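Structure record follows, encoded as structure tokens.
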Amino acid sequence: MATEIFERLDRDGDEVLSEADLKASPSVAVVVPLADSNGDGQLDREELSARFEQYLTSNLGLAQVRLKFTCNGRPLPRVKVTLTPGVALEHTLTAATAITNDEGVCYPKISGSDIPCVLVGQYTVSVLSDEIDLPAKYNQSTQLGLEVFPDSERAEDSCTYEFSLSTR
């Protein structure tokens, strides 16, 4: 799986996923701080493979995730949030959706589930609102990524992730 992702994203064939390569995949870009073992700001094949190996050996499957959205510093209520499996994970992970409450908080759940939960892995995040005109970088051309994994640096605790959006 890591090999397929690497080959799809390494557009210039230089054997590293640079910042330019990662712009095409927010779901992979979000793991750079944890997977970049040599600190060069890029991912090579071994670093990406090692991160996927952590997924496989973690014995984790489902996780309850709390997402909190603000826009221009204020809670973002009543928006539809969709977590879409990242590059090359479409056949492994399942999309999840939720609607934020008045505090901008939601607990996504996969289709068909009675409980709010998602599969551990990498996702792109899109946010749609009928009330606020959000820039395309948050919805149809999303630049938001999320890694659901207990040691993710994005998490305040093991299951809370915050997104600060701006209409500017």
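We did not get these values from a lab; they are worked out from the coordinates using the rules stated. This one's a predicted model, so the numbers in the text were calculated from it and none came from an experiment. As a convention, Cβ positions derive from the backbone with ideal geometry for all residues, glycine included, and neighbour counts pool all protein chains shown.
Calculated FRET efficiency, R74 to T97, Cβ-Cβ distance, R0 = 22 Å: about 0.45 to the nearest 0.05. Scattering from the chain was approximated by placing one identical point on each alpha carbon and applying the Debye formula without solvent; log10 I(q)/I(0) at 0.10, 0.17 1/Å stands at -0.36, -1.03.
Each of D130 and E162 was given a label point 7 Å from its Cα along the Cα-to-Cβ line. The distance between the two points is 2.9 nm.
Legend: P(r) of segment 2-57 from all alpha carbon pair distances, 5 Å bins from 0, whole percents, reading 4, 23, 36, 27, 9, 2, 0.
Using Cβ point charges alone (K and R +1, D and E -1), the dipole size of the chain about the Cα centre works out to roughly 800 debye. Extension gain for K137 to D14 (0.36 nm times residue separation, less C-alpha to C-alpha distance): 41.6 nm.
Per residue of the chain, the DSSP helices (runs of n ≥ 4 H) give a summed -39500 (n - 2.57) that works out to -4500 deg cm²/dmol at 222 nm. Between E53 and M1, the modelled labels are 1.6 nm apart [label points 7 Å from Cα along Cα→Cβ].
Within the same chain, lysines fewer than 8 places from K109 are excluded, and of the rest, those with a Cα less than 21 Å from its Cα are K68, K80. For the chain, the relative contact order is 25 percent, taking Cα pairs closer than 8 Å that sit 6 or more residues apart in sequence and dividing their mean separation by the residue count.
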